[in-house]
Each structure stands twice: as C-alpha cells, then as structure tokens.
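Report on the following structure.
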Amino acid sequence: MNDILPEQTSVWQWVEGVAREILEGSGYGEIRLPLVERTDLFCRAIGEVTDIVEKEMYTFDDRNGDSLSLRPEGTAGCVRAAIERGLLHHQQPRLWYAGPMFRHERPQKGRYRQFHQIGVETFGMEGPDVDAEQILLTRRLWRRLGIQPVLHLNSLGTPACRQTYRAALVAYFSEHADQLDEDSQRRLQSNPLRILDSKNPALQSLIEAAPKLPDYIDAASREHFDGVCQLLDDAGVDYVLNPRLVRGLDYYSRTVFEWITDQLGAQDAVCSGGRYDGLVEQLGGKPTPATGFALGLERVVALVEAQAPERVPAMAPDVYLVHQGASAQRAAFTLAEQLRDGASALKVVVHCGGGSFKSQLKRADRSGATVALIIGETEAAAGTVQVKPLRGQGEQQELPAQDISREVLALLGRAPAA
Ligand code: HAM
C-alpha cells in the first residue's frame, strides 16, 4: 500500500482529469460507491474459485458479526447499487467510478495491495456498439496521455458454450496431467480456463496445443463479436485477436479485452474488461446486459512516466514572493492576494518562516516558480517590487506594484486575461 507524494500526484491528477473529461464527454456519469460490501456479494459476483475470492480479499466481521470485505474491484458493488437504487428500470445508465481497491496479492512492480482503478459500467445495452464504444473511449484516453498499450480481444461466448469448452479443456489437460504444475493441477477441476493464463514457460507448448475457445462459441456470440470488430476496424483501432484471453473473474460473457504493455514487467495489463450479461440477474436483478472495464491507475501513471513525461503539465507555482521586514511582509501579503484574485488567477506562494533573501531565493528556485518577486523595506516604502525571472528570461528589474501582474504574465508567456 503506497503513499502517493506531492511530486507524484501531479501525474495522477492529470491522468484522472483527462479520464474524467473523456468519460463525462461521452455521457458517463460518476457513481461513488462504498469501499466495503458484504463478502457474499464478491463471492457470488467474482466467483468462489477465483484467485481474488480464494486468497486475496481483506475480509473481517463487523460488530454485528456480518462478514464484510474491502472491495477487490468495482463491478460487484456497482451492480448491487444499480439494482438496489433502481437504476435499471427503463434506463440505460452509463456509469464511471474511481478509487482504491484492495487485494492481498504478492506485491511486485505494478502490483499492490491497495491500488486504484478508474472503472466504467453500462447496463441495458446488448449490442456490440457499446463494447466498441468503451474500447474507443480507452483508445482516446491513451492518445491524450501519449501512451501506446496494445489491445487484446476475445469472445468467451455464452456460459453454455463455455461449459462445453470447459469440458473439452478438462479432457485435454487430464490427458496431460503429468505435465501440469501444482497451480494448474489445482485449477484442472476448479477453473480449467485459468490454466490458459499460466505464465509458466514449461506449460506454454501444452497450452498452445489446447482446444481453442473460438471453435466453441455459438453463432449469435460470433455475430456479436464480428460486430464489435467491424466497429473497431471502421475506427482504425489495431487489435490482437487472442483466443487465450479468458480473464480472472467469472462474470464475463462474450467480449473480453485487455490493453497490454511490455514496459512494466510481469504486470502487463493496463486496463481490462468486457461484457457480463448474466451478472445482474445472478445478483437478484432483472436480466440486464452489461459491459465495463477498469484501468489500473498505478500502471497507467507508470506508463505515462515511461512514455510521455513531457505531456504532464507542470504543477509549479507561477510566482514565489520573497520579503524581509514587517512593512515588506504586509506589502507581500497584499500583493499575493491581488495576484490570486486577478482574472489570470496566478499561482502564488508567499514565503513564510523568515530567513535571509539568499535562502528565500533558493527556496523560490526549488519551488519551480517561473518568477520571484522580491520586496524589501525600500520597495515597500516606494510601492515597487523587484521582478526576478528564475528561468533565464532576462534581468531583474524594479517595477511599480500595479504593473506586476502584466509583467509576470509576459514572463510566463501568457496573454493578460481580458
Ligand atoms: P481486473 O482485471 O481485475 O478487472 O482489474 C482491472 C485493472 O486493474 C487491471 O487491468 C490492472 O491494470 C489493475 N489491477 C488489478 N490488480 C491490481 C493490483 N494488485 N495492483 C495494481 N493494479 C491492479 C476488474 O477489476 C474488473 N472489475 C474490470 C471490469 C469492470 N470488468 C467489467 N467492468
């Protein structure tokens, strides 16, 4: 579980801001959900024999003896809320959420026990259009952020064809049981599809030769998937058809996708999701098709830092105000408020805590500010200010206090606000 320090939050805030803009711009409304739910909700939604439910949840009994869990993901809670709060009656909500999720996984680069997702869920739309819409939303986000993950796409078909496929896999892997590792032996009966996800190099040729899911999916699911691909082709989206992409949560049906990167080591999924048409009914709602995805903010932030750090807007102040002496301090406070109130809303830090001009100017430089404004007793008495550009934009000069805003904007390369 990480502390995210101020020097890191500038990237976080930028990524979150761009994501919010794109989601709201396509008609998605934010939903804020509890961090805890009844444990049973996650067991039913994600599946009893998934890694998350079997070994990764932070589960505790509250004072009433109810078993609660910190949310390991957002879809289950969102479906619960949609059912309980009547969001599904004659509506087709497009929802998004952001916040921390908790999984007791073995931590490594890109994998944490408290991590952050931005997620999206839609309800009531069964066509391939909304699947494609969500993939296009994510592509728009990567473009704005300047990162290039690769899209992997698959269709899982309906639960019925997954059952047939499951049986074929069990038969195949049982024949080769002596070659399976301990994890896969265990999954053979409980969740054989997950064997396909194994990263064990010794298993790769066995997995390669296993029955392929696309050979088992029904005609309607195939048509749906063709519809998704067609819309993506029209929009010029590149993708890899990956028949081994099965996802680690049980609720998926039909389209599943992951945006993958080779820049972050073993934790290569930046964003994952798909369709889960059966889940609402399974959790007690009326049958309602649904689709969604979630991106891992830690991984997206790491990718931005690796691939496009220059895009992150600077969070430094515009101005650092340096002053010495009682009347200079008062003049500095008055000037700072004027600059903040002005139409251009300059970002101003006033030095607090005393110190020599020299030490104050060192702090001004370290703050990243573009300009230092200096007020001593002489300037305070004369109603002037020393303007010192900090980023090599010319010489220090003394100007009347009322001219400061215009001069600072010129040094920032910004036009004065009308
Ligand atoms: P998920 O694949 O479990 O899907 O997680 C989504 C994303 O969260 C992953 O692609 C990854 O970027 C990030 N992530 C997952 N676990 C960790 C971790 N331990 N540390 C850092 N990042 C992590 C879901 O959670 C589904 N609810 C997505 C969804 C929404 N499907 C339909 N609607």
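List of remarks:
- Summed side-chain charge close to V53 - residues other than V53 whose Cβ falls under 15 Å, Lys, Arg +1, Asp, Glu -1: 0
- Taking 7 Å steps out from each Cα toward its Cβ at D61 and R38 produces label points 1.7 nm apart.
- Between 0 and 90°, nearest 10: helix 219-234 axis offset from the chain longest Cα axis: 30
- Among 13-23, 349-359, sorting by the average number of other beta carbon atoms lying within 10 angstrom of each residue, highest first, gives 13-23, 349-359.
- Cα gyration tensor, segment 1-153 - rounded (a/c under 1.5), prolate or oblate: oblate
- Extension gain from A345 to K212, taking 0.36 nm per residue of separation minus the Cα-Cα distance: 41.9 nm
- Inter-centroid distance (Cα atoms) of segment 53-96 relative to segment 326-353, Å: 47
- Nearest-ten-degree value, helix 75-84 long axis tilted from longest Cα axis of the chain: 90
- The alpha carbons of segment 319-408 occupy a box of 29, 26, 22 Å along the principal axes, longest dimension given first.
- Listed residues A381, A266, A132, most fluctuating in the chain (Gaussian network, C-alpha, under 10 Å): A381
- Under 21 Å from the Cα of K212 - lysines, other chains or at least 8 residues apart: K199
- Carbon plus sulfur fraction of accessible area for segment 319-408, probe 1.4 Å, in percent: 50
- Within the accessible area of segment 18-84 (1.4 Å probe), percent carbon and sulfur: 46
- Estimated [θ] at 222 nm from DSSP helical runs (n ≥ 4, -39500 (n - 2.57)) normalised by residues in the chain, nearest 500: -11500 deg cm²/dmol
- Most to least packed among 268-279, 139-150 [average Cβ atoms within 10 Å]: 268-279, 139-150
- Mean separation of Cα contacts under 8 Å, 6 or more apart, over the residue count of the chain: relative contact order %: 15
- Our note on the geometry: Cα centres of segment 130-155 and segment 281-302, 15 Å apart.
- Under 17 Å from the Cα of K358 - lysines, other chains or at least 8 residues apart: K388
- Residue ranges 99-107, 118-126 sort as 118-126, 99-107 when ordered by packing (mean number of other C-beta atoms within 10 Å per residue, highest first).
- Taking segment 25-146 and dividing mean pair separation by its residue count, relative contact order in percent (alpha carbons under 8 Å, at least six apart): 24
- Heavy-atom accessible surface of the chain, averaged per residue, reaches 48 Å², computed with a 1.4 Å probe.
- Long-range amide H partners of H116 with built H, under 5 Å: M101, L297, E298
- Degrees, to the nearest 10: 297-307 long Cα axis against longest axis of the chain: 70
The values are calculated or read from the model by the stated rules, or taken from the named source; none is laboratory data. All of these numbers come straight from a predicted model, not from anything done at the bench. Backbone-built Cβ (ideal geometry, glycine too); neighbour counts: all protein chains shown. Quick note on the areas: whole protein, heavy atoms, side chains included, nothing else; ligands and nucleic acids left out. Shrake-Rupley method; radii C 1.70, N 1.55, O 1.52, S 1.80 Å.
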